[in-house]
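A.B. asks: Have a look at the structure that comes next, please.
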Amino acid sequence: MATRILIFDTTLRDGEQSPGYSMNTREKLELARQLARLRVDVIEAGFPIASPDDFEAVKVVSQNIREGITVAGLCRTRDQDIDRAWEALQHAERPRIHTFIATSDIHMQYKLKMSREEVMEAAVRAVRRARGYTDDVEFSCEDACRTDPDFLCQMVDAAIKAGATTINIPDTVGYAMPWEYGERICTLMKRVPNIDTVIVSAHCHNDLGLAVSNSLEGIRQGVRQVECTINGIGERAGNASLEEIVMTIRTRRDLLNVETGVNTEEIYKTSKLLTTITGVPVQPNKAIVGANAFAHEAGIHQHGMLSHALTYEIMTPQSVGVPQSRLVLGKHSGRHALKKRLQDLGVDLNEEDLNRAFVRFKELCDKKKEVFDDDLLAIVEEQVLATPETYVLEHLQFASGTNMIPTATIRLKKQDEIFQESGWGDGPVDATFKAIDQITGIHPRLKDYSIRAVTSGKDALGEVMVSIEVDGQTVIGRGTSTDVIEASAKAYLNAINRVVGRQAPPAKEVRQGV
Ligand code: KIV
Ligand code: ZN
């Protein structure tokens, strides 16, 4: 019989902490609900002591996610971290405290400035304190792959004795080769007494593009939990991608003889929802969820596919929930059809949100003949999941052309006040952004600007994505419209509203080294 591998999703924690992927509490809950439909085993919802927003997100996810799914919160080994994590997790059906400390000499000497003895003592105390709150305690040796193997065995042994129930072995900097990672797990399995009483977990980063391979090698050596993220997002080059791990396990069960509890047909929706929320697109050739993952372009491939799908297809698009038809609704479609289609796309709206989305949907139907899935997701992002709108676009007027100075006049509403300014610039977009800066008093650095047609056709909805930097923090904004200058203004305002809406900046010092 195949051995069950637990899928620990850390999209909301390790994924969210990378630049451009920040989500507010509402967005995190929306994604957590989809992760529950995907049937992951553990959702790591955040790092409660890192910021009030992180705390709130872990609390809200804990209060709302049931169905036997474990909700984890990350904390360092300090008492106040553990207490704060528990405060956020206490309402979860299955709460897990996940505590960690770095164990490599390089981290202990330069970052923690602690000796091996002090690190071990801190870990033991933390695990015991966490066990005082819950029976489910995970302990991670940060930078385990650059840790002296003897010391790693001692640390793991001490954490098990102190009551840890899951031991996580992170390749924090994505340095290990697959066979090295496997050997590390093998050494622990052989040398640590009672290792068979706990779940050993893999947590691999992708700096050398080896995160998935390393996790799989870990599984071959006895790992029973894999930590991963949707679309492989995460610090620097990201974490091991959930969809790649799960589909490899499913497709190569003949070799691995393991299985997961994931409902693979929800994979595509989950990936789409993450893209919708964060505005960061997936590269087209990304395995499993990229736009080209199941596209067969070359004639010889198409011929093979038509003769028999198995010639070039090792798994079906249906198995990961890629929709067969992308054309969905039109102006005769009703509220019920919209609700059903959104559910198929992984978005379950309450009545109030559905009404707002429906109004926008009807407006769009007046402008476009065909409304595609991506149009619907754009509506959800804009109307429902949207960041609280401190500044609302009331009016935009611009003029540009050959031999004239591009100018824009913009009117924004902030609560009951109306502000109006004009600006000029290198083009109408630049002029619009300058007028917005004058009103908000925020002068961000524009790091990136991109524009694409969300769907096909001359009447396609244009989507603009901007990346701005304010006080060293990168924020992404998205806006859609059939008019690209208006889409640009909306995207820029969306990013500004995210900046303004941040209640408190994340405690940088806490996030370092994770
Ligand atoms: O990469 C890492 O070491 C981590 C730990 C905190 C688990 O994210
Ligand atoms: Zn990590």
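Values quoted throughout were computed directly from the atomic coordinates according to the rules given, and no laboratory measurement underlies them. This structure is a prediction, so every number in the text was calculated from the model and none was measured. Heads up, the Cβs are rebuilt from the backbone with ideal geometry, glycines too, and the neighbour counts pull from every protein chain shown.
A.B. asks: Give the percent of DSSP beta bridges with both residues in the chain that are antiparallel, rounded to the nearest 5.
C.D. replies: Values: 36 of 73 bridges.
Restricted to the chain, the bridges split so that about 50 percent are antiparallel.
A.B. asks: When each pair of different Cα atoms in region 3-161 is counted once in the 1/r mean, what is the Kirkwood radius in angstroms, to one decimal? Don't jump to the answer; show the numbers that get you there.
C.D. replies: Details: mean 1/r = 0.0624 Å⁻¹.
Computed over Cα pairs of region 3-161, the Kirkwood hydrodynamic radius comes out at 16.0 Å.
A.B. asks: Just report the Cα centroid separation between region 215-235 and region 154-204, whole Å.
C.D. replies: The two parts, judged by their Cα centres, are 13 Å apart.
A.B. asks: Using a 10 Å cut-off on Cβ atoms, rank the peptides 46-54, 161-169 from the highest mean neighbour count down. If you can, show how the numbers build up before the last one.
C.D. replies: Numbers: 46-54: 24.1, 161-169: 21.0.
Highest-to-lowest ranking by the protection proxy: 46-54, 161-169.
A.B. asks: How big, on average over all directions, is the shadow cast by the Cα convex hull of region 137-289, in nm²?
C.D. replies: Details: hull surface 36.9 nm².
For region 137-289, the mean projected area of the Cα convex hull comes to 9.2 nm².
A.B. asks: Can I ask one more? Choose one of Cys204, Gly334, Met177: the residue whose Cα lies farthest towards the positive end of the charge dipole of the chain (beta-carbon charges +1 Lys, Arg; -1 Asp, Glu; about the Cα centre).
C.D. replies: Gly334
A.B. asks: Taking only DSSP H segments of four or more residues, each worth -39500 (n - 2.57), what value at 222 nm results for the chain once the sum is divided by all its residues, to the nearest 500 deg cm²/dmol?
C.D. replies: On the way: 17 runs with 196 residues, N = 514.
That calculation yields -11500 deg cm²/dmol at 222 nm.
A.B. asks: Give the Rg/Rh ratio for region 3-278, taking Rg as the radius of gyration of the Cα atoms and Rh as the Kirkwood radius, to two decimals. Before the final figure, lay out the partial values.
C.D. replies: Values: Rg = 17.1 Å, Rh = 18.2 Å.
Result: Rg/Rh = 0.93.
A.B. asks: Please sort 2-14, 182-194 by packing, taking for each peptide the average over its residues of neighbouring beta carbons within 10 angstrom, highest first. Can you show the working numbers first?
C.D. replies: Values: 2-14: 22.7, 182-194: 16.8.
Ranking, from highest mean packing down: 2-14, 182-194.
A.B. asks: Semi-axes, largest first, in whole Å: what does sqrt of 5 times each Cα gyration tensor eigenvalue give for region 57-119? Please report the intermediate quantities before stating the final value.
C.D. replies: Numbers: eigenvalues 181, 22, 13 Å².
In descending order the semi-axes read 30, 11, 8 Å.
A.B. asks: Please name which of Thr432, Ile405, Val500 has its Cα lying farthest along the dipole of region 392-508 towards the positive end, using unit charges on Cβ (Lys, Arg +1; Asp, Glu -1) and the Cα centre as origin.
C.D. replies: Value computed over the given set: Val500.
A.B. asks: How many Å³ per residue does the convex hull of the Cα positions in region 307-421 occupy?
C.D. replies: Numbers: hull volume 24.1 nm³, N = 115.
Per-residue hull volume (Cα only) is 209 Å³.
A.B. asks: Can you grab the distance from the C-alpha centre of region 1-72 to the C-alpha centre of region 115-138, Å, no decimals?
C.D. replies: Here the two parts' Cα centres lie 23 Å apart.
A.B. asks: Which of the lysines could be linked to Lys340 by a straight reach, that is with a Cα gap under 19 Å, when you skip same-chain ones fewer than 8 residues away?
C.D. replies: Straight-line reach from Lys340, under 19 Å: Lys269, Lys272, Lys331, Lys362.
A.B. asks: Sort the following peptides by mean Cβ neighbour count (other Cβ atoms within 10 Å, averaged over residues), highest first: 224-230, 422-428.
C.D. replies: Working: 224-230: 26.4, 422-428: 15.9.
Highest to lowest by the protection proxy: 224-230, 422-428.
A.B. asks: Then there is this: Sum up the charges of everything whose Cβ sits under 12 Å from the Cβ of Thr187, counting Lys and Arg as +1 and Asp and Glu as -1, but leave Thr187 out.
C.D. replies: Numbers: positive: Arg184, Lys190, Arg191; negative: Asp148, Asp150, Glu180, Glu183.
It works out to a net charge of -1.
A.B. asks: On a 0 to 90 degree scale, rounded to 10, what angle separates helix 211-220 from the longest Cα axis of the chain?
C.D. replies: 30
A.B. asks: Nothing charged except the Cβ atoms of Lys and Arg (+1) and of Asp and Glu (-1): what's the magnitude of the dipole of region 318-435 about its Cα centre? Round to the nearest 20 debye. Walk me through the numbers before you get to the answer.
C.D. replies: Values: 16 positive and 20 negative charges, 99 e Å.
Taking the Cα centre of region 318-435 as origin, the dipole is about 480 debye.
A.B. asks: Which value, in Å to one decimal place, does the Kirkwood hydrodynamic radius take for region 374-464 when every pair of different Cα atoms is included? Show your work: numbers first, answer last.
C.D. replies: On the way: mean 1/r = 0.0672 Å⁻¹.
Across region 374-464, the inverse of the average 1/r is 14.9 Å.
A.B. asks: Okay, moving on. Alpha carbon centre of region 268-284 versus region 440-484: separation in Å?
C.D. replies: When both Cα centres are located, 16 Å separates them.
A.B. asks: Restricting everything to alpha-carbon atoms, can you work out Rg to Rh for the chain with a Kirkwood hydrodynamic radius?
C.D. replies: Details: Rg = 24.4 Å, Rh = 24.4 Å.
Taking Rh as the inverse mean 1/r over Cα pairs, Rg/Rh reads 1.00.
A.B. asks: If you place +1 on the Cβ of every Lys and Arg, -1 on the Cβ of every Asp and Glu, and leave all else neutral, what size is the dipole of region 392-508 about its Cα centre, to the nearest 20 Debye?
C.D. replies: Values: 13 positive and 14 negative charges, 71 e Å.
Dipole of region 392-508, to the nearest 20 debye: 340 debye.
A.B. asks: Then there is this: Rounded to the nearest 10 degrees, what's the angle between the helix 79-89 long axis and the longest principal axis of the chain, both from Cα atoms, 0 to 90?
C.D. replies: In the chain, helix 79-89 runs at an angle near 60 degrees to the longest axis.
A.B. asks: If you place +1 on the Cβ of every Lys and Arg and -1 on the Cβ of every Asp and Glu, how big does the dipole about the Cα centre of the chain come out, in debye to the nearest 20?
C.D. replies: Working: 61 positive and 73 negative charges, 126 e Å.
With only Lys, Arg, Asp and Glu charged at Cβ, the dipole is about 600 debye.
A.B. asks: Which angle from 0 to 90°, rounded to the nearest 10, does the C-alpha axis of helix 335-344 make with the longest principal axis of the chain?
C.D. replies: So the helix axis and the longest Cα principal axis differ by about 30 degrees.
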